[in-house]
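**Student:** Please find one structure pasted underneath; my questions will follow.
The values are calculated or read from the model by the stated rules, or taken from the named source; none is laboratory data. These figures come from a predicted structure and were not determined experimentally. Quick reminder, even Gly has a Cβ in these numbers, built from the backbone with ideal geometry, and neighbours come from all protein chains shown. Just so you know, the surface numbers come from the protein's heavy atoms only, side chains and all, with ligands and any DNA or RNA stripped out. Shrake-Rupley method; radii C 1.70, N 1.55, O 1.52, S 1.80 Å.
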Amino acid sequence: MIKKIKISNSFELLKYLKEQNLLENHLSFWWPSNNDFEVLIGAILTQNTKWINVEKSLDNLRNLNLLNLENLSKVDENILIEAITPSGFKNQKSKRLIQLSKNILEQFSSFENFCKYVDRQWLLNQKGIGEETADAILCYACHKEFMVVDKYTKRLLSYFGNEFENYEQLQAWCEYGINKNYDKIVQLYGFEISLNMLYCRFHGKIVEFMKSHKL
Ligand code: 39A
């Protein structure tokens, strides 16, 4: 049973989670991947399924050399459907991945340009991309200063008695306390951690905490 402490702002939550060394065996940015395009694919595949299923689909895509923008944009849809079967909603997700890849190539020419110039609204205009997926792509694939909030974040804060009306409010609460206390956080870490890495690690800590404590 986790003690119900009072958490007044997201800095306090970060401190509470940081004390527990939840990311000891994880990469610096938490989200496991060999390249940033793989993160984008993972962000779509993880919708409505467990991460373990996403890993199986990503392994299949790796074996088919489909973890890059050019190959994914021209893949045969049936091959993609079969490869991503483990992560569910295979027909819908394969259509969306192919269309997204084509749109990225058409409008940004390369994944590097996409990461540099894409904005949140462009992502939200794509079929199948909502706020959480858009922010996961911006934060973990494009390394921009957006914090992802998800069902784990909502549930953890609710456990500590903090309720939010919608995604936007929860995200604003998470980002505000980090921004406001940035100097203290740098002191806590002992090095100049970027805001993007902080958001990545903060969200990663929340997910790992929730996976190890069934709240
Ligand atoms: N739900 C999740 C995850 N659970 C995850 N990992 C574990 C590593 N990622 C990267 C995204 N969504």
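**Student:** Relative contact order of the stretch 36-141, please, whole-number percent, based on alpha carbon pairs below 8 angstrom and at least 6 residues apart. Working shown, then result.
**Tutor:** On the way: 110 pairs, mean separation 34.7, N = 106.
Averaging sequence separation for qualifying contacts and normalising by length gives 33 percent for the stretch 36-141.
**Student:** Counting only helical runs of four or more DSSP H residues, what would the 222 nm mean residue ellipticity of the chain come to if each run contributes -39,500 (n - 2.57) and the total is spread over all its residues?
**Tutor:** -17500 deg cm²/dmol
**Student:** Now for a different question. Mind giving me the nanometre distance, one decimal, between the label points for Gln92 and Asp183, set 7 Å out from Cα along Cα→Cβ?
**Tutor:** In this crude spin-label approximation the distance works out to 4.8 nm.
**Student:** With +1 assigned to the C-beta of every Lys and Arg and -1 to the C-beta of every Asp and Glu, and no other charges, what is the dipole magnitude of the chain about the Cα centre in debye, to the nearest 20?
**Tutor:** The dipole of the chain has a size of about 680 debye.
**Student:** So for the chain, considering every pair of alpha-carbon atoms, how many percent are separated by more than 25 Å?
**Tutor:** Percent of Cα pairs beyond 25 Å in the chain: 41.
**Student:** I'd like the Karplus ³J(HN,Hα) series for the stretch 10-22: coefficients 6.51, -1.76, 1.60, θ = phi - 60°, whole numbers in Hz, and an x wherever there's a Gly or Pro.
**Tutor:** 6, 5, 5, 5, 4, 4, 4, 6, 4, 4, 9, 6, 6
**Student:** While we're looking at this one, here's another question. At 1.4 Å probe radius, can you tell me the per residue accessible area of the chain in Å²?
**Tutor:** Details: 11200 Å² over 215 residues.
Ligands and nucleic acids excluded, the figure is 52 Å² per residue.
**Student:** Here is a further query. Keeping all protein chains in place and using 1.4 angstrom, which order do Tyr140, Tyr167 fall into by accessible surface area, from largest down?
**Tutor:** Solvent-accessible surface, decreasing: Tyr167, Tyr140.
**Student:** If r is the Cβ-Cβ distance from Glu82 to Asn48 and R0 is 25 Å, what FRET efficiency results, to the nearest 0.05?
**Tutor:** The pair Glu82/Asn48 has a calculated efficiency of 0.85.
**Student:** Between Tyr117 and Glu163, what FRET efficiency follows from the Cβ-Cβ distance if R0 is 45 Å, with the result rounded to 0.05?
**Tutor:** The formula returns an efficiency of 0.80 here.
**Student:** Ok, one more. Once you put a point 7 Å from the Cα of Lys3 and another 7 Å from the Cα of Asn65, both along the Cβ direction, what distance in nm separates them?
**Tutor:** With each label placed 7 Å out from Cα toward Cβ, I get 5.7 nm.
**Student:** Summarise the accessible area of the stretch 29-120 (1.4 Å probe, protein heavy atoms) by the percent that is carbon and sulfur.
**Tutor:** Here it works out to 47 percent.
**Student:** Across the stretch 189-201, in residue order, what do the Karplus-derived ³J(HN,Hα) couplings come to in whole Hz, using 6.51 cos²θ - 1.76 cosθ + 1.60 with θ = phi - 60° and x for Gly and Pro?
**Tutor:** 6, x, 8, 6, 6, 6, 4, 4, 5, 4, 4, 4, 5
**Student:** So if I restrict to the alpha-carbon atoms in the stretch 36-141, what is the Rg, and what is Dmax, the biggest pairwise distance, in Å?
**Tutor:** Expressed in Å, the Cα Rg and Dmax of the stretch 36-141 come to 12.4, 33.
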